[in-house]
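This report refers to the structure that appears directly beneath it.
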Amino acid sequence: MRQAPVSLPLGIVVRRTPSVSRWAPWAYKAVSVIPGAGAAEWQVLREDGDVVEYHAATVPLELWNTDTEAYLTGLSARVPSIGVVMRDGAEGDTDHPYDVLLATASPYECQDYADSGEELLELVPMPEGLVALIRDFVQEHHEEEVFVKRRRDKSRVDGVEDGRGDPRISQLSDVFRAPRTGRPN
């Protein structure tokens, strides 16, 4: 049974660096998350020359009791990560180049967004406290699914010989011959 999700506000930190492309002056990448962060909209956190880190947005990280298998898969990765999904912002808006849509701990949901190709997906390493929180959530809610093997129907389907010539031909000598149209030779 699907229950209401456990929700945690998660701040998304985006780094702006000079781009190596001649078509875009800046490159943006989600680099970290801040669990329990307050609301923010592209607030500057630190500057180092041309490199600027922003607290771009705060979005809820929702943990569903029916997605614990996905969370286990994500926690067993070499580097457990949060998937941050961003979409291009308003045209010509240089102050807010991306809108942060969501953050997810489910690698299955990340794969769905990666397949669409319309959003920018960044994997950000989870802080240790967030790994512990998700691990505790999984331990509390995970239920192992029992594998049930399907059984075949008992009806035989190999008794019918489809494709064995035209049934209108009465001769067994040449079952692949074209049927007669009714004209004499």
field: Subset of segment 101-129 (residues that are part of a helix (DSSP H, G or I) and either touching a helix residue (DSSP H, G or I) at 6+ places or on another chain (Cβ under 9 Å) or open to solvent by less than 40 Å² (accessible area, probe 1.4 Å) (or both))
entry: PRO107, TYR108, GLU109, CYS110
- request: Mind listing whichever residues of segment 3-26 are hydrophobic (A, V, I, L, M, F, W, C), modelled with pLDDT of 90 or more and in a strand (DSSP E or B)?
  value: LEU8, LEU10, ILE12, VAL13, VAL14
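If only one of SER81, SER170, SER116 is modelled with pLDDT under 85, under 30 Å from TYR28 (Cβ atoms) and of a type outside the set (A, V, I, L, M), which one is it?
One residue alone meets the criteria, SER116.
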message: If I filter segment 18-36 for residues that are open to solvent by 50 Å² or more (accessible area, probe 1.4 Å), closer than 23 Å to ALA105 by Cα and in contact (Cβ under 8 Å) with a residue 40 or more places away in the chain, do I get at least one hit?
response: yes
field: Boolean, ALA77 is of a type in the set (A, V, I, L, M), in contact (Cβ under 8 Å) with a residue 24 or more places away in the chain, open to solvent by 30 Å² or more (accessible area, probe 1.4 Å) and part of a loop (DSSP other than H, G, I, E, B)
entry: yes
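The values are calculated or read from the model by the stated rules, or taken from the named source; none is laboratory data. These numbers come from a predicted model, not from an experiment. For neighbour counting, all protein chains shown are included, and Cβ atoms are generated from backbone atoms with ideal geometry for every residue, glycine included. We work out accessible area using only protein heavy atoms, side chains counted, and drop any ligands, DNA or RNA first. Shrake-Rupley method; radii C 1.70, N 1.55, O 1.52, S 1.80 Å.
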